[in-house]
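Step one of this worksheet: look at the structure below.
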Amino acid sequence: MSTWTEDQPIVSIKNVRKAFGTLEVLKGVSMDIMKGEVVCIIGPSGSGKSTLIRCVNALNDIQGGSITVEGQEVHTENLDKLALRKKVGMVFQQYNLFPHKTALENIMMAPVKVLREDKADVKERARELLKKVRLYDKEDSYPGELSGGQQQRVAIARSLAMRPDVMLFDEVTAALDPETVKEVLVTIKDLAADGMTCILVTHEMGFARELADHIYFTDRGVIVEHGPPDTFFDNAKDPRTKEFLDQIL
Amino acid sequence: MANRAIPGVAAHATTDLPVMLPFNPKAGAHDELLVSRWLASVPPRYVFFLLLLWPVAAFAQGVDYTTADAFVALWRWIPFLTFQGFVFNILISVCAMTIGTLAGAVLGLAHVSRLRIIRQVAWFVTQLFRNSPWLVLLFIVLLAFPFQIEVFGTTIPIPGWVKAVIGLSLPIMANISEIVRGAVQSVPSAQWEAAESLAFTRTQTLWQIILPQCFKRMIPPWMNWYAILTMATPLCSLLGVGENINFTRQAMEAEGNRPELLVPFFGYSLVLFFAYCYPIARATMALEKRFALKL
Ligand SMILES: Nc1ncnc2c1ncn2[C@@H]1O[C@H](COP(=O)(O)OP(=O)(O)OP(=O)(O)O)[C@@H](O)[C@H]1O
Ligand SMILES: [Mg+2]
């Protein structure tokens, strides 16, 4: 029924407005993301980055504008949540693994319980995913027994088990210590290399510069500036962007 | 349309703060295990000394009718007091606990219902029965329920003990409801979000992700309430239900209502209840400790 084709944006955000009560967090944000693109959203704390990407998989509702994923309107009354969440995976800053399940079970749970796929197939796939995130020897470990970086990689694998077309990453390295940041970034890099569409909120500027096709800088609920990494980092025009980059680089 | 407020759960819904630990162990605030903690804190050797003290206390009262006489009288009554009296207390407690637990689980889950009206009703019912004196509830049930009901032409009598079970299950229901609600809400809302982003529905999330995480933590407070309930079953004697305390009074009457009988006879009730509840309290505290360590 979808008329979406790959030459159209896979995620299209148009003039999105979002408020928590009277607090306006997003004041008309637009961006188009093509299939296979890696997009980084950067900006100061509280500028609405998390809120924006949470709107993409309908964890947040919006007050105005529209978001489509593969041509499907996300914020409508008759949203097919299951279909949307199969298409869009999300990884959180705090990993949020299910503590009562092993790494392998964490990965298998959604495909088995929600999609009702065959358990043996899913298990095989889960093992492959663990291998992909370089944790094949940790399948029987509980989240409490894993380091932050390992937990985060399991969380990525868990999300991938749903075979999403788009992945959302919300500051997934922000809670990690510097040594483990790298292992998670490598995992994301692998994903990007495989052609996964990724939307990342990140403070890792080096990583953003290296990997991103496009960078968006948000401040106080608007996109102040955006562009390809080289232009963005070397020739920022807006004073707010410059100030932010000066502070962080 | 997705709405971020998770009904009944979002009370502490700050999501991506690094300080958020997997659990909020003190979500329930007050010491819900007070009774068990107190009971379990009695060192076993004190129990032994107290048992020694019991005949001595009785002896102090005796003039012509001696302690020995009183204990001989008790000895004759022990089978009756135990197997027809105390066993019935246990029966009442088990029945009331079963009903209270089932009803309380439903009521507790209603606290996290998507529908606001259900949450409000659940809150009201819980508060009402949690804060009413148990005896008042017992009397209300006694007076409000008919002595018999007609089902398809047959008359089914409702004996007093059935009413007692219903009356006692009400406060248990309310308190179990609090346990379930507290446990569910102690799981951080990030777990709900993670599940939601993996396409779990609310019901699936609750049963497959939230409840398995907090089930263990509900066991110690649940046992605590069982001990409280058992100790409260003598209230039923006021409704004329034939249980331990009621029979003890009857037995003393049959023995001529001598004051010397008081300490041995009620002392025996105390011993019975203590012997039954003390191990439960110890086990409750042991489990509490273990679960608190593991998680
Ligand atoms: N559930 C909520 N209810 C009310 N206000 C909220 C809620 N979530 C976020 N906010 C507010 O919205 C604003 C933007 O928050 P958001 O989490 O999107 O910022 P952010 O750019 O991700 O910041 P950070 O870099 O610190 O993660 C903040 O002022 C925050 O306080
Ligand atoms: Mg954020």
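Scanning the stretch B:119-141 for residues that are under 20 Å from B:G240 (Cα atoms) and surrounded by fewer than 19 Cβ atoms within 10 Å (Cβ to Cβ) returns B:P133, B:W134, B:L135, B:V136, B:F139, B:I140. Out of all the residues in the stretch A:49-65, is one or more free of Cβ contacts under 8 Å to residues at least 12 places away in the same chain, away from ligand 1 (no atom under 15 Å from the Cβ) and part of a strand (DSSP E or B)? Among the residues of the stretch A:49-65, not one is free of Cβ contacts under 8 Å to residues at least 12 places away in the same chain, away from ligand 1 (no atom under 15 Å from the Cβ) and part of a strand (DSSP E or B), which makes the answer no. In the stretch B:107-118, which residues are surrounded by fewer than 17 Cβ atoms within 10 Å (Cβ to Cβ), part of a helix (DSSP H, G or I) and touching a residue at least 40 places away in the same chain (Cβ under 8 Å)? Result: B:R116, single match. If only one of B:A122, B:A103, B:A110 is under 15 Å from B:N175 (Cα atoms) and touching a His at 6+ places or on another chain (Cβ under 7 Å), which one is it? B:A122 is the lone residue from the list that is under 15 Å from B:N175 (Cα atoms) and touching a His at 6+ places or on another chain (Cβ under 7 Å). Annotation note: of A:L97, A:L84, A:L26, A:L104, the sole residue that is within 16 Å of ligand 2 (Cβ to nearest atom), surrounded by 15 or more Cβ atoms within 10 Å (Cβ to Cβ) and closer than 30 Å to A:Q151 by Cβ is A:L26. Quick check: is even one residue across the stretch A:125-134 away from ligand 2 (no atom under 16 Å from the Cβ), within 14 Å of chain B (Cβ to nearest Cβ), free of Cβ contacts under 8 Å to residues at least 40 places away in the same chain and among the small types (G, A, S)? For the stretch A:125-134, residues away from ligand 2 (no atom under 16 Å from the Cβ), within 14 Å of chain B (Cβ to nearest Cβ), free of Cβ contacts under 8 Å to residues at least 40 places away in the same chain and among the small types (G, A, S): present.
Can you find, within the stretch A:164-189, the residue that is farthest from A:C40 (Cα to Cα) among those that are away from ligand 1 (no atom under 16 Å from the Cβ) and outside any helix (DSSP H, G or I)? Within the stretch A:164-189, the match that is farthest from A:C40 (Cα to Cα) is A:D177.
If you go through the stretch A:84-108 and keep only what is more than 21 Å from A:C55 (Cα to Cα) and more than 9 Å from chain B (Cβ to nearest Cβ), you end up with A:T102, A:A103, A:L104, A:E105, A:N106, A:I107, A:M108. Being among the basic types (K, R), away from ligand 1 (no atom under 16 Å from the Cβ), within 16 Å of the chain's Cα centre (by Cα) and outside any helix (DSSP H, G or I) is the requirement here; does A:K86 meet it? Taking the combined requirement at face value, the residue does not satisfy it. Taken over the stretch A:27-46, the criterion of being within 8 Å of ligand 1 (Cβ to nearest atom) and either within 14 Å of another protein chain (Cβ to nearest Cβ) or farther than 15 Å from A:T202 by Cβ (or both) is satisfied by A:S45, A:G46. Note on the stretch A:67-83: residues that are in contact with a strand residue (DSSP E or B) (Cβ under 9 Å, 6 or more places away or on another chain), more than 13 Å from every other protein chain (Cβ to nearest Cβ) and at negative phi total 2.
Within the option set A:A174, A:A120, A:A161, being within 12 Å of chain B (Cβ to nearest Cβ), hydrophobic (A, V, I, L, M, F, W, C) and more than 16 Å from ligand 2 (Cβ to nearest atom) holds for one residue only, A:A161.
Only the coordinates and a few stated rules stand behind these numbers; no lab work does. Quantities reported herein were computed from a predicted structural model and do not represent experimental measurements. Positions of Cβ are backbone-derived with ideal geometry, glycine not excepted, and every protein chain shown enters the neighbour counts.
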